[in-house]
Every structure is written in structure tokens, then in C-alpha cells.
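For reference, the structure discussed in these notes is given below.
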Amino acid sequence: MFQSKETYKAVKATPENFAKYGHVIHTNNIPKSTSSIVQANQGTAIKQEYMGTLKEGFPSNVEKRLNIHIFNCLPRATVADSQYNIFHCKVMEKHPYSSQMFMPNTNNYEECCYLVIVALDDGEVEAFIFSSDQGVVYNQGVWHSPMCNISKELVSFVVLITETSEPDKAEWNCVEVISDFEIKF
């Protein structure tokens, strides 16, 4: 399915250009209008509401739970040519019964923190550059590469996903396929 050996160009992620795959969450998206500000914690915090939704579609008879994970991701190996850095994507995966959220936690702001490589079932690949103040929610069933840290330091991600712990249903949590294409950024 993802064996094209093609090269795709990554673009900066926005809520609009990523919408068919899920949600972009901006942590610095503080409303400018006072009418849209929601205060919390006795006025010491601004609550950013409804940044995205997590959904799951497991059959009702399957044991499942919303899990919180931490992924500590090292920078991925890339190759530089005269204009771009290039990442070779070797694996794509999807979570057939759950959406999945990644929220980075870094010490420094990074304009180019991680790549999000996605596709729907038609196999058409798109790639997005996320900054360190942007999280991502993959819709249920969206193909994506494993986390691709393109910063210069380790990045920790808080991850939310609904999973089953039933040992004979591991493929319900994650399906992986071999891929062979490149992303330039």
C-alpha cells in the first residue's frame, strides 16, 4: 500500500489543512477577544475549550480503556540534500478502533519539532510539520507514521488512546504495514 518510493513535501500544519485526518491543538491559542475567554482556577488560568475530540469505536462487548502513555522520542535520522532534509518512512500504522492524541512537552520552542505523515485508506500520503506548541489528534483509522521527532533534542509526548487489553485482539489496537517513501522538509 505505501510502497511508492515517491517523495512528498511536508507543509506547515494548520487546523484547516489537517482537518480530514484529525485535529491540530495549539497550546498558545489564547483568545484575543475577552468575550471568548473562559477563566478557570479562580481566575488564574485561561481554559482553552474543545480543542479536539477523542473517539473510540470498539464493539461494546470488548474490554477497553482510555490509556495515558508517555513516548520519549529521540530525533529521527534524516539525510540533507542541497535544499531539504529527507526522512525515509519505513512503517505506517493505524488504530482501527480509536483516535489517538500526541502532545509534545519540550524545554524550548521548536518551529520544526516533529513530522506528522498521514494517509486515508486510499493511500494518498500527506506530511505536515508541527511545532512544539502544537499537538495532534489522529482520527480513528487514519494511517500515520510512528512519531517522527525532527528537532535536535529528545521530545516527550503525552499520548491518549483507547485500547483493549484482550491478548487475542492486539491488531484491534494497532495495524502496521511496511512502507517505502520519503518526506522532504
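The values are calculated or read from the model by the stated rules, or taken from the named source; none is laboratory data. None of the values given here were measured: they were computed from a predicted structure. Please note: Cβ atoms are built from the backbone with ideal geometry, for glycine as well, and neighbour counts cover all protein chains shown.
Annotation note: of LEU160, LEU120, the sole residue that is hydrophobic (A, V, I, L, M, F, W, C) and farther than 14 Å from TYR21 by Cα is LEU160. Listed here are the strands (runs of 3 or more DSSP E) enclosed by region 94-185 that have at least 1 residues being free of Cβ contacts under 8 Å to residues at least 12 places away in the same chain, buried (at least 17 other Cβ atoms within 10 Å of the Cβ) and in contact with a Cys (Cβ under 8 Å, 6 or more places away or on another chain), and there are none.
With respect to the conditions (1) modelled with pLDDT of 90 or more; (2) exposed (fewer than 13 other Cβ atoms within 10 Å of the Cβ); (3) in contact with a Ser or Thr (Cβ under 8 Å, 6 or more places away or on another chain), PRO75 lacks only one, and its number is (2). Taking the numbered list (1) over 30 Å from SER60 (Cβ atoms); (2) touching a Ser or Thr at 6+ places or on another chain (Cβ under 7 Å) in turn, VAL137 passes all entries but (1). For region 78-93, the set of residues classified as part of a loop (DSSP other than H, G, I, E, B) and surrounded by 13 or more Cβ atoms within 10 Å (Cβ to Cβ) consists of THR78, TYR84, listed by residue number.
Being of a type outside the set (Phe, Trp, Tyr) and modelled with pLDDT under 95 narrows it down to one of GLU16, GLU56, GLU110, so name that one.
GLU110
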